[in-house]
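To keep things clear, I will list the structure first and then write my remarks on it.
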Amino acid sequence: MKLAFIGIGNVGFAIAHKLQQKGHEITIATNDPNSRSVTSALKKNENMTTRSIQDAIGWAEVVFLAVPFGAVKAVVNEIDFEGKTLVDCTNPVGPGISHGLNCEISGSEKIQAWAPSAKVVKAFTIYGYENLQDASFSNYPNKPVMLVAGDDQYAKEQLKPLVEEMGYMYKDIGALDQSLHLEHMTLLWVKMVRRDGHHPNFVWGYMER
């Protein structure tokens, strides 16, 4: 599959690198190919390419958004997503690791409003990048779960094989407004690890009976 990444820092690179190893074509969507994050990514994986942002959108089947949330509006306002699936890997984090939108609306819903030409799906946000680099937990019979939210069913189904190739169990949790609860799960993980010193090598599981 042809995958474009807007943002190639810790989170974006972890996902892009893993999926490139699974045989997918990866391009970094950037209008500044000499930026620090882009040059760092290409040094670590020379099989990735770069394209201007709009060219990358036209080329890609699925687009990943992994820039800091504060920069999102300015970035997506300039893009015609051409009806493509846009995977929101961002989180609106405010002062003191609070919800940056005061828990009133999810960041994903804001992105959908800012990018009406995209089909926004929330995924790859409930853990730190450490668990995107490596989702294996060999001592446990079940795979860690990746919870996915979005209003467009086809867009979510398009993402399912990518989630599974990353080593996760795919679980559709419903409409895009569920993203607010995923963002709260992210804050829980981040506070445990980044604030309170818990090790990062843990994930959430999903069990049914």
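Read the figures in this text as sums done on the coordinates, not as results from a lab. Source: prediction; values computed, not measured. Neighbour counts run over all protein chains shown; Cβ positions are idealised from the backbone, glycine included.
The set of residues in the range 82-140 that are part of a strand (DSSP E or B) and either in contact with a strand residue (DSSP E or B) (Cβ under 6 Å, 6 or more places away or on another chain) or within 21 Å of K171 (Cβ to Cβ) (or both) comprises T85, L86, V87, D88, K119, V120, V121, K122. When you look at D196, is it under 25 Å from G94 (Cβ atoms), of a type in the set (D, E), surrounded by fewer than 18 Cβ atoms within 10 Å (Cβ to Cβ) and in contact (Cβ under 8 Å) with a residue 60 or more places away in the chain, yes or no? Criteria not met by D196. I'd like the residue in the range 51-67 that is closer than 18 Å to G83 by Cα and β-branched (V, I, T) and, out of all such residues, is surrounded by the fewest Cβ atoms within 10 Å (Cβ to Cβ). The selected residue is I53.
Within the range 47-56, at least one residue is closer than 24 Å to D151 by Cα and touching a residue at least 40 places away in the same chain (Cβ under 8 Å).
Taking each residue of the range 73-84 that is under 14 Å from N31 (Cβ atoms) and looking for partners that are assigned to a loop (DSSP other than H, G, I, E, B) with beta-carbon atoms closer than 7 Å, six or more apart or interchain, yields V75/V67; V76/A115; I79/A115.
Can you tell me which of (1) of a type outside the set (A, V, I, L, M, F, W, C); (2) closer than 18 Å to K122 by Cα; (3) touching a Ser or Thr at 6+ places or on another chain (Cβ under 7 Å) is the one E61 doesn't meet? Unmet for E61, out of (1) of a type outside the set (A, V, I, L, M, F, W, C); (2) closer than 18 Å to K122 by Cα; (3) touching a Ser or Thr at 6+ places or on another chain (Cβ under 7 Å): (3). For the range 4-24, check the following and say yes or no: at least one residue is touching a Lys or Arg at 6+ places or on another chain (Cβ under 8 Å), among the β-branched types (V, I, T) and surrounded by 20 or more Cβ atoms within 10 Å (Cβ to Cβ). No; the residues of the range 4-24 include none that is touching a Lys or Arg at 6+ places or on another chain (Cβ under 8 Å), among the β-branched types (V, I, T) and surrounded by 20 or more Cβ atoms within 10 Å (Cβ to Cβ). Here the condition is being of a type in the set (A, V, I, L, M), buried (at least 18 other Cβ atoms within 10 Å of the Cβ) and farther than 25 Å from H181 by Cα; of M48, M1, it holds for M48 alone.
Summed over the range 141-160, the residues that are part of a helix (DSSP H, G or I) and without any contact (Cβ under 8 Å) to a residue 24 or more places away in the chain give a count of 3.
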